[in-house]
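The values are calculated or read from the model by the stated rules, or taken from the named source; none is laboratory data. None of these values were measured; they are calculated from a predicted model. Quick reminder, even Gly has a Cβ in these numbers, built from the backbone with ideal geometry, and neighbours come from all protein chains shown.
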Amino acid sequence: MNSRITIARSDQEILDCYLVMAELRPHIQSDEFLPVIKRLTEIAGFQLAYLADGEIKAVAGFRISEWLAGGKYLEIEDLVAKGSERSKGYGGELFDWLVEHAKENGCQQVRLVSRVSRLAAHRFYMRKGMSVEAHYFSMNLS
């Protein structure tokens with residue numbers, strides 16, 4: 001297992017992930033981050049993994065779940081490398097760690113949802129061996 005990658009468990013480790021995560025999720029304010037992560041962890045098994053090399057270079061939010069249709073899977077909800085560190089392999093290294101973590105936890109699949117407009121991210125996921133398998137639908141209620 002990669003010693004540069006850790007699951008954030010303490011409040012401080014979670015808070016340390018904020019600046020990188022905020023690049024992907026700018027709508028979450030710094031004072032909201034810890035309570036939101038703790039709530040998601042408690043109600044849905046959400047976890048944050050981060051890659052540190054002197055400082056945090058990449059962060060991933062994920063959870064392990066199960067569907068009747070497809071069995072046990074790891075879902076990547078967030079995957080972001082620090083803006084100044086992109087294209088240096090940190091996101092790919094963290095992605096590969098997530099795949100291994102899924103295997104170690106008996107998952108049959110790794111899944112993620114990506115906005116239709118994130119074409120560069122889609123190219124990255126395809127290079128990593130992912131395929132487009134479904135359409136995701138949503139409806140705003142407010």
Being in contact with a strand residue (DSSP E or B) (Cβ under 7 Å, 6 or more places away or on another chain) and either surrounded by 15 or more Cβ atoms within 10 Å (Cβ to Cβ) or of a type outside the set (A, V, I, L, M) (or both): is that true of Tyr18 here? no
Looking at (1) modelled with pLDDT under 95; (2) surrounded by 14 or more Cβ atoms within 10 Å (Cβ to Cβ); (3) within 26 Å of Tyr18 (Cβ to Cβ); (4) more than 11 Å from the chain's Cα centre (by Cα), which is the only condition Met130 fails? (3)
So, Gly92, is that one touching a residue at least 40 places away in the same chain (Cβ under 8 Å) and either within 13 Å of the chain's Cα centre (by Cα) or closer than 17 Å to Ser114 by Cα (or both) or not? no
Out of Ile64, Ile14, I need the residue that is farther than 27 Å from Gly129 by Cα, in contact with a Lys or Arg (Cβ under 9 Å, 6 or more places away or on another chain) and touching a residue at least 12 places away in the same chain (Cβ under 8 Å). Which one? Ile14
Give me a count of the residues in segment 1-41 that are among the charged types (D, E, K, R), closer than 18 Å to Glu77 by Cα and outside any helix (DSSP H, G or I). 2
Please state which of the following conditions Ala60 fails to meet, knowing it meets all the rest: (1) closer than 16 Å to Tyr125 by Cα; (2) surrounded by 14 or more Cβ atoms within 10 Å (Cβ to Cβ); (3) modelled with pLDDT under 95. (3)
Of all residues making up segment 38-64, the number that are of a type in the set (Ser, Thr, Tyr) and in contact with a Cys (Cβ under 9 Å, 6 or more places away or on another chain): 1
